[in-house]
Amino acid sequence: MQPMTPKERLVTALKRQKADHLPATTHHLMPYFLNKYMGGIDNLAFFQEMGLNPIVWLNADKYRPEDLENWRITSVDDHSGQYPATHYTIETPGGSLSLTLEYSETTCWLTEHLIKEKKDIELLAKYMPSPYVDVEQANRTADEYPEYLIRGAVFSGDIFGQPGCWQQACCLYGVEKMIMECYDDPQWVHELLAIVQKPKINQMRSSKGARFDLFELGGGDASTTVISPKIFNEFVAPYDSQIIAAAHEAGQRIVYHTCGGMMPILEDIAAMGTDAMETFTPPGMGGDTDLAEAKRRIGDKVCMIGGLDQQHFFQGCTPEDTRREVRRCFEAAGEGGGFILSPSDHFFDADPALIRAFAEEAARCVY
C-alpha cells in the first residue's frame, strides 16, 4: 500500500477501512502540558515533533448581530478567592442569568450554574441565539491544511458547555440535580433538552458545504459512570440522535464522545447512527472498556477512537512498556481497520519520550 497523508490515514479509519498503518493521534491538547513539557509550542508543532497524525480543531461558529441584541454577555474577573474566577452575566429583555467559573493552571470548573430555578429555562427558550457555521472560514482552513484532519464540535452553548444535549444541560443545571429531575420532573428535563438541542441542530444544518472531517458530540455526563442505561436511552439518545441525523443531512461526520463507562451502552450509542465513538477509557483510567469486546460488538458499525491509558503509559513507565501497550491495543481493536489509537481523553502531565514511543510503535502496526 502506498504511504498515506495524515488526513487520508485518519479519514480511511473513519470510513472503517484499513489505512497504510495504525493511525495514532491525541484528543484536545492542554495548554498546561504544552507550556510545562513542550516549551509552549502550539498544537501543530506538537504533532510534527511527536510524529502523530495532526488535527486542526476549528471553531467556525458565528452569530449575526441581530441574534445578540437580546442576549448580551458581560464578565467581571475576580482574584479575591483561592482561585481566580470570572463572573458572567447574560442580559435579556426578560431578565438576567449568571454563572461563575474558577480556574487553575490545568482546568476550569463551575461554581455557579446558569440555571438557578426551573423557570430560568424560559429565558433560554425565548432568547438564546443559534450560531451558524462560517462555511468560507472552514474551507479556507481546509485549504490551508490539506493534509490535516479538520475537526469541529457541535455547539456547546455560550461561555461554558459541551456538545451533547444532556451534557450541556448538566453544565447549565448540575449533573446531580439533572439526575434527580429525571425522576421528579421528567417533563421539565425533556423541555430543557429540547431547548438546548435547537441551536445544535441549526448549527449542523448550516454546516452544509463546510469541509470539516469530523464534529464532536456527547460528553462524559452521559457515560454509565454517571447515569444508568435507562436514563441514557430515555433522555440522551433521542436528542443526540437527531443532531447526528442533521449532521449527516449536511454531509458531516460525527464522533460521539463518552469519557467514562461505555460497555453497557455500546450498542445504544452505535444505534444513534454516529460515525465514530470515543474514548474507550480503560479501567486503569476509571473507565470500563475491554477493547477486544468492544471491537467484536460494534466494530462493524463505527470507527473506534481512543483506548490508550495515558495515566500509566504517558508517564511512569519505559518506552518499551508504552510500545507493548500500543501493540496490545492494535491486536485488540485493529483488525480490519476502523480504529484510531489515541489517549482516552485529555492528559496534563506526560513524558514526551513516551509520546514519541507511542507514535513510533503505531506507525509500525501494519495491517
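Output yes when any residue across region 187-208 is farther than 22 Å from D158 by Cα and among the polar types (S, T, N, Q), and no when none is. Within region 187-208 (the criterion being farther than 22 Å from D158 by Cα and among the polar types (S, T, N, Q)), the answer is yes, since at least one residue qualifies.
When you check T100 against the structure, is it surrounded by 14 or more Cβ atoms within 10 Å (Cβ to Cβ), of a type outside the set (A, V, I, L, M, F, W, C), modelled with pLDDT of 95 or more and within 30 Å of F330 (Cα to Cα), yes or no? Answer is no for this residue.
Conditions (1) touching a Phe, Trp or Tyr at 6+ places or on another chain (Cβ under 7 Å); (2) over 30 Å from S96 (Cα atoms); (3) surrounded by 12 or more Cβ atoms within 10 Å (Cβ to Cβ), marked per residue:
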site	(1), (2), (3)
F46	no, yes, yes
M50	no, yes, yes
P54	yes, yes, yes
N59	no, no, yes
K62	yes, no, yes
L68	no, no, yes
V76	no, no, no
S80	no, no, no
P84	yes, no, yes
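Listed by first and then second residue, the pairs linking a residue in region 350-367 that is within 20 Å of H312 (Cβ to Cβ) and free of Cβ contacts under 8 Å to residues at least 40 places away in the same chain to a residue that is assigned to a helix (DSSP H, G or I) and basic (K, R), with Cβ atoms under 8 Å apart and 6 or more places separating them unless they lie on different chains, are A357/R323; E361/R323; E361/R327.
From the list T74, T86, the lone residue that is without any contact (Cβ under 8 Å) to a residue 24 or more places away in the chain and touching a Leu at 6+ places or on another chain (Cβ under 6 Å) is T86.
Applying the set (1) within 30 Å of Y132 (Cβ to Cβ); (2) touching a residue at least 40 places away in the same chain (Cβ under 8 Å); (3) of a type outside the set (F, W, Y) to G260 leaves exactly one unmet item: (1).
When S342 is tested against (1) out of contact with any His (no Cβ under 8 Å at 6 or more places or on another chain); (2) crowded, with 23+ Cβ neighbours inside 10 Å; (3) not in a helix (DSSP H, G or I); (4) not hydrophobic (A, V, I, L, M, F, W, C), just one condition goes unmet, and that condition is (1). If you go through region 22-37 and keep only what is touching a Pro at 6+ places or on another chain (Cβ under 9 Å) and farther than 20 Å from A153 by Cα, you end up with P23, Y37.
The values are calculated or read from the model by the stated rules, or taken from the named source; none is laboratory data. No experiment lies behind these values; they were computed from the predicted model shown. A quick note on method: Cβ atoms are made from the backbone with ideal geometry, for glycine too, and the neighbour counts reach across all protein chains shown.
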